[in-house]
Amino acid sequence: MSLFDFDQFDPDRYFEHHPISNWDYFVPYRTDWGSAIWIEIDRAQVAPCLITPTDLLAKQKSENGRRHKLMPHIEGAHVGPLPLLAFKRVLLVQKGRLQIRRLRPPDFSLTPVQRRHRVNR
């Protein structure tokens with residue numbers, strides 16, 4: 001799964017170094033899609049399966065992998081299933097509307113009926 005690391009990201013500086021990278025085509029969403037869901041990940045929760053943008057670029061160069069275009073220095077990857085507990089926040093972006101929603105993982109100690117009737121806080 002591709003991940004994008006916008007920590008300490010400077011769009012102007014990035015464009016100077018990578019003028020043909022089209023990160024802004026996807027941010028905040030592709031216009032032909034009309035919406036996007038962005039998920040903030042707790043890095044500590046996924047560290048063993050996380051490939052940083054720098055490491056992913058180096059791996060691609062060392063393997064002569066050019067089939068998949070990367071957005072250098074912001075696109076990383078996660079190998080394997082991404083656990084719900086690693087989700088910090090979910091951002092839903094739609095044309096003309098912005099919503100920030102916190103994901104609340106299901107409490108699997110409850111029965112399905114109890115979960116349905118549980119009050120969201």
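Here are the numbers for the structure shown:
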| item | result |
| --- | --- |
| Members of region 36-76 found to be exposed (fewer than 14 other Cβ atoms within 10 Å of the Cβ), farther than 21 Å from VAL90 by Cα and in contact (Cβ under 8 Å) with a residue 12 or more places away in the chain, listed by number | THR54, ASP55 |
| Leading residue by the ranking (modelled with the highest pLDDT) among those in region 93-121 that are assigned to a helix (DSSP H, G or I) and loosely packed, with under 12 Cβ neighbours inside 10 Å | VAL113 |
| Residues located in region 44-70, provided they are within 13 Å of the chain's Cα centre (by Cα) and under 15 Å from PHE9 (Cβ atoms) | THR52, PRO53 |
| Flag for TRP33 being surrounded by 10 or more Cβ atoms within 10 Å (Cβ to Cβ), touching a residue at least 12 places away in the same chain (Cβ under 8 Å) and either closer than 19 Å to LEU91 by Cα or over 17 Å from the mean Cα position of the chain (by Cα) (or both) | no |
| Residues within region 16-30 that are surrounded by 13 or more Cβ atoms within 10 Å (Cβ to Cβ) and either among the β-branched types (Val, Ile, Thr) or in contact with a Ser or Thr (Cβ under 8 Å, 6 or more places away or on another chain) (or both), tallied | 2 |
| So LEU84, is it touching a strand residue (DSSP E or B) at 6+ places or on another chain (Cβ under 8 Å) and either surrounded by 12 or more Cβ atoms within 10 Å (Cβ to Cβ) or free of Cβ contacts under 8 Å to residues at least 40 places away in the same chain (or both) | no |
| Condition met for ARG89 (in contact with a Lys or Arg (Cβ under 7 Å, 6 or more places away or on another chain) and of a type in the set (Lys, Arg)) | yes |
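The values are calculated or read from the model by the stated rules, or taken from the named source; none is laboratory data. Predicted, not measured: the structure shown is a model, and the values here were computed from it. All Cβ positions, glycine included, derive from the backbone under ideal geometry; neighbour counts span all protein chains shown.
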